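This report refers to the structure that appears directly beneath it.
No value in this document is a laboratory result; all are computed from the given coordinates. Small disclaimer: the values here were computed from a predicted structure and weren't measured. All Cβ positions, even for glycine, are placed from backbone atoms using ideal geometry, and neighbour counts span all protein chains on display.
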Amino acid sequence: MNAQTASHMYVGIVAVTGALLAAACGGTSPTSPTGSTPVEHSFFTGVWRGTMTITVPDASPVSGPLTWTVVLVPGTNGQQFRITWDTTNGWLPLQATTTTAAMETITPPSQMSTSGSYQSPRQCAGEFTTVSQVTDTLAIGQIGGLDCADPTGQRMTFSGQLVLTKQ
């Protein structure tokens, strides 16, 4: 994948993330199946483990373990979460907490998007977004982001795949 393709993928993921976050934050609140009380639980909360594979232009993909610890944000009717990321991926070792993740629906299957920042091992603040399809036991998604500037002054782009199962 070249830098232009990765950059377009990142822009696309950011656009989808923004649209989902806007949808999750506006309109009416979802209710429980009986329609009487807001939802304050989610199939998505808990610990998820799997693999993250990162690809940067002109380099071989790098895979490593990934753990998500997912906590429901109170008062969001089962649609927003904090996700603590922990991975020892060789290119993107990451310990970060995303402050917003938006779930498209409150029942599986659903699409989930998130965005976050991290301290890069290349000595800058990096940014990433993800879009994942989530069932009650499996999350499969795409990650894209921007890291430090390369020798030409362009911020490096990366993309990748996430596959996690609920523990």
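Treating r as the C-beta distance of ALA125 and THR105 and R0 as 22 Å, the FRET efficiency rounds to 0.10. Annotation for THR67 and GLN167: the two label points, set 7 Å from Cα along the Cα-Cβ direction, are 0.5 nm apart.
In order along the stretch 126-137, phi translates into HN-Hα couplings of x, 9, 8, 9, 9, 9, 9, 8, 10, 10, 6, 10 Hz, rounded to whole numbers, per the Karplus curve 6.51 cos²θ - 1.76 cosθ + 1.60 with θ = phi - 60° and x for Gly and Pro. Residue separation of HIS41 and ASP86 scaled by 0.36 nm, minus their Cα-Cα distance, works out to 13.9 nm of gained length. Given just the C-alpha atoms of the stretch 37-140, how large is their convex hull per residue in cubic angstrom? Taking the convex hull of the Cα positions in the stretch 37-140, it is 92 Å³ per residue. Is the stretch 97-167 rounded, prolate or oblate when judged by the Cα gyration tensor, a ≥ b ≥ c being the square roots of its eigenvalues, rounded requiring a/c under 1.5 and prolate requiring a/b larger than b/c? Prolate, since a/c reaches 1.5 and a/b exceeds b/c.
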